[in-house]
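Shown next, in structure tokens, is the structure this report addresses.
The values are calculated or read from the model by the stated rules, or taken from the named source; none is laboratory data. Here the structure is a predicted model, which means the values were calculated and not measured. Methodologically, a virtual Cβ is constructed for each residue, glycine included, from the backbone with ideal geometry; neighbour enumeration extends over all protein chains shown.
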Amino acid sequence: MTDFGSGPAADEIEVTVMGPGYGESIVVHATNNFWIVVDSCIPSGEKVAAAVSYLNAIGVDLAAVRFVVSTHWHDDHVRGISQILNLSPNAKLVLASALQQKEFMQIATAFGNTNDAVVPGASELAECFRIIRARTLPGARPSAVFASSGKVLWDMPVGGVQVKIDVLSPSDADITEAVRRFSELWPGERAPLNRVPPSHPNHVAMALHIAIGEHNVLLGADLEKTVALDSGWEAVLSDDSRQIRKSTLYKVAHHGSITGHHDGIWERLLEATPTSLLTPFRRGRVKLPKETDKHRIRSLSGGAFITSPVGGVCQGSCRVNRYAACLYISADALVRSGFR
């Protein structure tokens with residue numbers, strides 16, 4: 001087991017990205033014991049969610065987790081997320097608002113008790129809904145936070161440090177398209193439960209911008225570039241209704257794939273030569289990032305790091321201006337970065 005030390009001090013910001021090759025999870029310390037978990041994965045051969053293992057290892061009580069965010073329902077991003085939610089009694093569950101629609105609720109209800117081979121991710125989210133219902137006080141209605149572009153999850157000081165969490169996606173058009181796809185997946189009351197493939201592109205992936213004091217982090221989720229101006233990264237970049245400060249740390253979208261790349265991300269949402277972190281995707285014949293992706297990301301970054309040692313991505317120093325990243329790459333496939 002990797003020795004992660006004692007974790008960040010109260011005044012330190014830390015972004016921890018975990019990705020064992022299939023799966024992704026991000027843990028953010030936004031100062032003063034305010035923790036956010038974005039997505040979940042369980043390393044091969046283990047039973048505990050990577051975020052739980054990490055927080056336990058550095059001595060953090062999961063009661064300090066304020067948000068558990070599921071950026072989208074693909075299995076490599078939700079495996080173990082119900083475990084995190086169950087162990088985090090004070091956390092709000094945040095889901096893309098498309099998952100609030102009755103079409104998805106029908107799918108989660110129908111497939112929630114089946115094997116994930118049928119509907120990847122559905123059983124995890126169904127279990128999350130059960131946890132929320134169990135926590136709900138008598139007379140109240142169970143609820144999660146359903147978010148889409150323009151939603152502000154938090155905009156308050158944390159121990160004197162201003163923290164703001166902006167939801168950048170999905171757009172209204174992407175939610176509408178997702179609902180249409182969900183309605184096509186619903187087999188009907190008496191139809192057999194056939195395996196449902198993940199939808200492509202990732203229409204409902206939830207990208208986040210986290211501002212902590214003067215520092216800014218962009219978490220790209222699996223959001224992709226599409227041909228429509230009201231969809232994916234095009235919609236994020238065309239939205240002038242909010243002021244988003246440029247970030248110095250970027251969790252690269254969609255495992256570094258070209259489908260998650262948009263020049264506007266690097267030109268308008270990021271400072272020059274940011275620190276870039278990404279998780280690889282290795283499943284069957286699909287292997288991301290490709291060599292061309294690695295070259296592109298290195299050329300745009302001051303430092304580029306991958307969580308699993310597939311080679312050819314790591315570059316340069318971790319130190320960029322006032323930002324100093326402590327980097328650990330191990331069998332546990334973890335990159336640990338912190339503002340010092």
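Per-structure values
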quantity	calculated
Verdict on residue 189 being modelled with pLDDT under 95 and within 26 Å of residue 226 (Cα to Cα)	no
Any strands (runs of 3 or more DSSP E) falling wholly within region 206-259 and containing at least 2 residues that are touching a residue at least 40 places away in the same chain (Cβ under 8 Å) and among the small types (Gly, Ala, Ser)	none
Test: residue 220 is more than 18 Å from residue 165 (Cα to Cα) and surrounded by 24 or more Cβ atoms within 10 Å (Cβ to Cβ)	no
Residue match in region 192-214 (condition: over 22 Å from residue 19 (Cβ atoms), surrounded by 15 or more Cβ atoms within 10 Å (Cβ to Cβ), modelled with pLDDT of 90 or more and of a type in the set (Asp, Glu))	no
Total residues in region 275-291, condition outside any strand (DSSP E or B) and either within 15 Å of residue 263 (Cα to Cα) or free of Cβ contacts under 8 Å to residues at least 24 places away in the same chain (or both)	3
Enumeration of residues in region 150-175 that are more than 18 Å from residue 92 (Cα to Cα) and crowded, with 16+ Cβ neighbours inside 10 Å	161, 168, 169, 170, 171, 173, 174, 175
Residue 22 vs. criteria surrounded by 21 or more Cβ atoms within 10 Å (Cβ to Cβ) and farther than 14 Å from residue 251 by Cβ	no
Selection within region 223-235 - within 18 Å of residue 245 (Cα to Cα) and surrounded by fewer than 21 Cβ atoms within 10 Å (Cβ to Cβ)	234
Answer residue from region 124-149, given it is among the charged types (D, E, K, R) and more than 18 Å from residue 65 (Cβ to Cβ) and is surrounded by the most Cβ atoms within 10 Å (Cβ to Cβ) among those	130
Test: residue in region 290-304 that is within 19 Å of residue 210 (Cβ to Cβ), basic (Lys, Arg) and either modelled with pLDDT under 95 or within 21 Å of the chain's Cα centre (by Cα) (or both)	no
Residue in region 274-282 that is surrounded by fewer than 21 Cβ atoms within 10 Å (Cβ to Cβ) and over 17 Å from the mean Cα position of the chain (by Cα) present	yes
Residue match in region 67-85 (condition: within 22 Å of residue 211 (Cα to Cα), of a type in the set (A, V, I, L, M) and surrounded by 24 or more Cβ atoms within 10 Å (Cβ to Cβ))	yes
Residue within region 40-47 that is touching a residue at least 24 places away in the same chain (Cβ under 8 Å) and farther than 23 Å from residue 96 by Cβ present	yes
Conditions (1) over 25 Å from residue 216 (Cα atoms); (2) out of contact with any Gly (no Cβ under 7 Å at 6 or more places or on another chain): number failed by residue 49	(2)
Tabulated pairs, region 4-27, first at positive phi, second among the hydroxyl-bearing types (Ser, Thr, Tyr) and in a strand (DSSP E or B), C-beta under 8 angstrom, 6+ apart or interchain	23/40
